[in-house]
1. Of all residues in the stretch 359-387 being of a type in the set (A, V, I, L, M) and surrounded by fewer than 10 Cβ atoms within 10 Å (Cβ to Cβ), which is modelled with the lowest pLDDT?
2. State all residues of the stretch 208-218 that are more than 30 Å from S156 (Cβ to Cβ), open to solvent by 40 Å² or more (accessible area, probe 1.4 Å) and not polar (S, T, N, Q); if no residue qualifies, say none.
3. What number of residues within the stretch 14-35 satisfy the criterion of being basic (K, R) and either open to solvent by less than 70 Å² (accessible area, probe 1.4 Å) or assigned to a loop (DSSP other than H, G, I, E, B) (or both)?
4. Consider only pairs whose beta carbons are under 6 Å apart and that are at least six residues apart or on different chains; among these, list those whose first residue lies in the stretch 9-24 and is more than 15 Å from T43 (Cβ to Cβ) and whose second residue is surrounded by 21 or more Cβ atoms within 10 Å (Cβ to Cβ) and β-branched (V, I, T).
5. Just one of R66, R146 is in contact with a strand residue (DSSP E or B) (Cβ under 8 Å, 6 or more places away or on another chain), charged (D, E, K, R) and open to solvent by 20 Å² or more (accessible area, probe 1.4 Å); which is it?
6. Check the stretch 153-160 and report whether any residue there is of a type outside the set (S, T, Y), free of Cβ contacts under 8 Å to residues at least 60 places away in the same chain and farther than 18 Å from H5 by Cβ.
7. Need at least 2 residues that are crowded, with 16+ Cβ neighbours inside 10 Å, at pLDDT below 85 and not β-branched (V, I, T) per element, so show me which helices (runs of 4 or more DSSP H) inside the stretch 219-320 make the cut, counting only ones lying wholly within it.
Amino acid sequence: MAIYHCNIAVASRADGASAVAGAAYLSRSRIECERDGIVHDFTRAHQHEAIVADLGVALPDGAPDRWRDRAALWNEVERVEKKADAQLARRVECALPDELTEAEQIELARAIVADRVADGHVVDACIHRNVDGHNAHLHMLEPLRRCDGSGFMAKSENVYTVRNADGDERKATAAEFKELKEQGYEKVYKWRRGNEWRQLTATEAERPENSGFKRHGKTPVQETRYLNNGWNDKDRAEEWREAIAGRINDALARAGKAARVDHRSYERQGVDRVPQLHEGSRVRAIELREQRAASSERREYRPATSIRAENIERRRMSAILERAAEARDALSRAIEGAARSAVGSLEREMAQWRERVERARAVLFQPRRMPEKAVSERQAAIYAEQGAKRLRVYRERLMDPSHRRTTGGMRELTDRELSFLTPAQAKAYGRTRDKEARAERAARAERAQHQQFGRQPSHQQSHNPHRGRGR
């Protein structure tokens with residue numbers, strides 16, 4: 001089964017990398033670094049891999065022919081990149097399918113290198129393979145600068161902001177400014193007056209409206225202009241990976257192999273499979289020794305590295321997902337041909353399988369946690385008894401009329417409160433509520449009658465103002 005692997009990284013001096021050391025390791029050769037005098041010798045390294053083919057240095061059109069010498073190329077890279085944290089080169093490592101013969105693998109590697117060279121890259125390439133005869137892979141080391149006939153070009157250049165008396169503003173390099181200066185252009189500087197800042201030329205600063213401004217420093221307004229125009233952007237990594245995958249599939253098709261590779265992740269492809277960790281030649285060599293030791297000692301083989309152990313677990317979970325997917329497909333076909341009476345039960349079974357798949361995914365892609373402590377039967381009984389007691393107390397409270405008494409009278413229980421009552425309690429509440437309703441109607445009628453009598457005058461009251469007084 002062809003497996004796609006393509007790793008793209010940048011070798012940086014800030015991480016302790018050396019372009020000369022990388023080239024020596026790549027070609028299993030001995031190269032002296034002229035920058036620091038260190039000799040990097042990898043002629044006897046290393047024990048886990050063997051070099052299959054040295055493809056040499058491939059140059060784009062217009063590159064100096066002296067760079068075909070590997071030592072000259074990478075020593076010049078070390079001289080050009082002067083910063084202590086400079087990025088020196090790009091490392092590209094891609095797997096070559098084991099389904100191809102060695103000759104076909106070399107032909108495929110040359111095609112991949114040719115694509116990189118056609119894009120303007122200088123490529124130093126070699127093919128390695130594990131000592132067990134598997135895992136052939138192509139190593140490519142590329143400088144990060146464009147080149148012309150004289151050598152490497154600058155990655156960027158400073159451009160100044162210049163302006164003439166008419167207010168026409170441009171961006172110009174130092175060489176371009178020499179010509180523009182004759183046309184009346186001046187460099188723009190930063191000027192300050194108190195908390196106010198302006199960008200002015202020397203002529204503009206002499207105007208009355210700019211009186212009091214003083215130039216802030218001797219450095220003109222400038223910015224960095226990058227010259228690669230997207231040629232070397234890291235955002236193109238997806239494009240490069242796709243091109244390599246296309247070359248691999250073309251080689252498999254020419255060889256008559258049915259296997260194909262895809263540069264996209266399983267998630268982007270919509271495949272229910274767990275990606276495995278890259279083991280590398282060292283891990284494979286360690287596990288090979290452990291397998292031989294287990295076989296000679298007649299004991300069960302167990303992984304010696306955490307990476308192999310994790311991959312075994314991931315393969316097991318992938319098998320579970322694959323079986324679940326097969327079962328899901330089988331259930332889908334059964335649902336399509338089943339009668340309407342059986343559709344409901346089949347959909348429930350389908351949901352159970354989906355739930356199992358989602359649980360498997362959750363276990364795979366979430367950090368592992370310690371299993372929760374199991375609840376004993378006695379604890380479960382205590383929890384159930386406590387829950388029943390709380391429910392009983394709550395029901396008694398709902399049946400208590402004082403719980404429903406408000407300033408405006410007796411309120412009715414809500415639908416949610418009624419859902420907690422037993423059928424007998426619900427009937428008792430209904431009877432009580434009927435009595436309360438009758439009592440409330442009677443009380444309202446009595447209040448209305450009293451109010452009516454209070455408004456009518458008494459017939460026994462005398463209108464004689466002298467009634468009751470002494471004569």
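The values are calculated or read from the model by the stated rules, or taken from the named source; none is laboratory data. Everything numeric in this text was worked out from a predicted model, so none of it was measured. Quick reminder, even Gly has a Cβ in these numbers, built from the backbone with ideal geometry, and neighbours come from all protein chains shown. We work out accessible area using only protein heavy atoms, side chains counted, and drop any ligands, DNA or RNA first. Shrake-Rupley method; radii C 1.70, N 1.55, O 1.52, S 1.80 Å.
1. Among them, the one singled out is M370.
2. P208, E209, G212, K214
3. Selection size over the stretch 14-35: 2.
4. Sorted first by the residue in the stretch 9-24, then by its partner, the pairs are A19/V77.
5. Sole residue among the options that is in contact with a strand residue (DSSP E or B) (Cβ under 8 Å, 6 or more places away or on another chain), charged (D, E, K, R) and open to solvent by 20 Å² or more (accessible area, probe 1.4 Å): R146.
6. no
7. Those helices (runs of 4 or more DSSP H) span 280-296.
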